[in-house]
1. List the residue pairs whose Cβ atoms are under 8 Å apart, where the first residue sits in the range 102-119 and is farther than 14 Å from residue 86 by Cα, the second is away from ligand 1 (no atom under 16 Å from the Cβ) and outside any helix (DSSP H, G or I), and the two are 6 or more positions apart or on different chains.
2. Hey, among 88, 93, 83, which residue is away from ligand 2 (no atom under 15 Å from the Cβ), out of contact with any strand residue (DSSP E or B) (no Cβ under 9 Å at 6 or more places or on another chain), free of Cβ contacts under 8 Å to residues at least 40 places away in the same chain and not in a loop (DSSP other than H, G, I, E, B)?
3. Are any residues in the range 138-157 loosely packed, with under 15 Cβ neighbours inside 10 Å, modelled with pLDDT of 95 or more and touching a helix residue (DSSP H, G or I) at 6+ places or on another chain (Cβ under 9 Å), and if so, which ones?
4. Go through the range 104-137 residue by residue and tally those that are in a helix (DSSP H, G or I) and either closer than 25 Å to residue 68 by Cα or out of contact with any helix residue (DSSP H, G or I) (no Cβ under 9 Å at 6 or more places or on another chain) (or both).
5. Go through the range 122-132 residue by residue and tally those that are surrounded by fewer than 16 Cβ atoms within 10 Å (Cβ to Cβ) and either more than 16 Å from ligand 2 (Cβ to nearest atom) or in contact (Cβ under 8 Å) with a residue 60 or more places away in the chain (or both).
6. What do you reckon, is residue 32 buried (at least 16 other Cβ atoms within 10 Å of the Cβ), modelled with pLDDT of 95 or more, more than 14 Å from the chain's Cα centre (by Cα) and more than 18 Å from residue 131 (Cα to Cα)?
Ligand SMILES: [Fe+2]
Ligand SMILES: [Fe+2]
């Protein structure tokens, strides 16, 4: 995943992650289409998706969502987002323990759809509300997210 840079505010940083993980899903699907029998070769992409999503969800849950909650941004949206993270985590756990093959392909496709839906919610509903919140410093929040993301990525590297 391309390393995030300090010039991004919180929403830009998180959306850069969304785009990067979308590329990984496309990459996985392309491999599955081009060489369906080479399931073991695309497994690393699935595992990369899982680790990127894990870090992304963690920085949202630790930093971004609480900041939005403190700023009074729609609590129902945040609860829904949290529930969707939970659903994604269960799929991630299944993918991480799956052997290469059609079952893994199905799990990755299911996760791709779930993430696509969740990202759309964040993009269309959560980020606009974050941008409209008067007492939310998205630049400072972006710096905090970046610092935590780099620390988490260094820990798993
Ligand atoms: Fe997100
Ligand atoms: Fe999220």
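1. 104/98; 107/98
2. Values: 88 fails: away from ligand 2 (no atom under 15 Å from the Cβ); 83 fails: away from ligand 2 (no atom under 15 Å from the Cβ).
Residue meeting the stated conditions: 93.
3. 139, 140
4. Number satisfying all stated conditions: 21.
5. Taking the range 122-132 first, the residues surrounded by fewer than 16 Cβ atoms within 10 Å (Cβ to Cβ) are 123-125, 128, 131-132.
Remaining after also requiring either more than 16 Å from ligand 2 (Cβ to nearest atom) or in contact (Cβ under 8 Å) with a residue 60 or more places away in the chain (or both): 123, 131-132.
Residues flagged as surrounded by fewer than 16 Cβ atoms within 10 Å (Cβ to Cβ) and either more than 16 Å from ligand 2 (Cβ to nearest atom) or in contact (Cβ under 8 Å) with a residue 60 or more places away in the chain (or both) within the range 122-132 amount to 3.
6. On the way: buried (at least 16 other Cβ atoms within 10 Å of the Cβ): yes; modelled with pLDDT of 95 or more: yes; more than 14 Å from the chain's Cα centre (by Cα): yes; more than 18 Å from residue 131 (Cα to Cα): yes.
Spelling it out, residue 32 is indeed buried (at least 16 other Cβ atoms within 10 Å of the Cβ), modelled with pLDDT of 95 or more, more than 14 Å from the chain's Cα centre (by Cα) and more than 18 Å from residue 131 (Cα to Cα).
The values are calculated or read from the model by the stated rules, or taken from the named source; none is laboratory data. Everything numeric here is computed off the predicted structure, so don't read it as measured data. Note: ideal-geometry Cβ built from the backbone for every residue, glycine included; neighbour counts use all protein chains shown.
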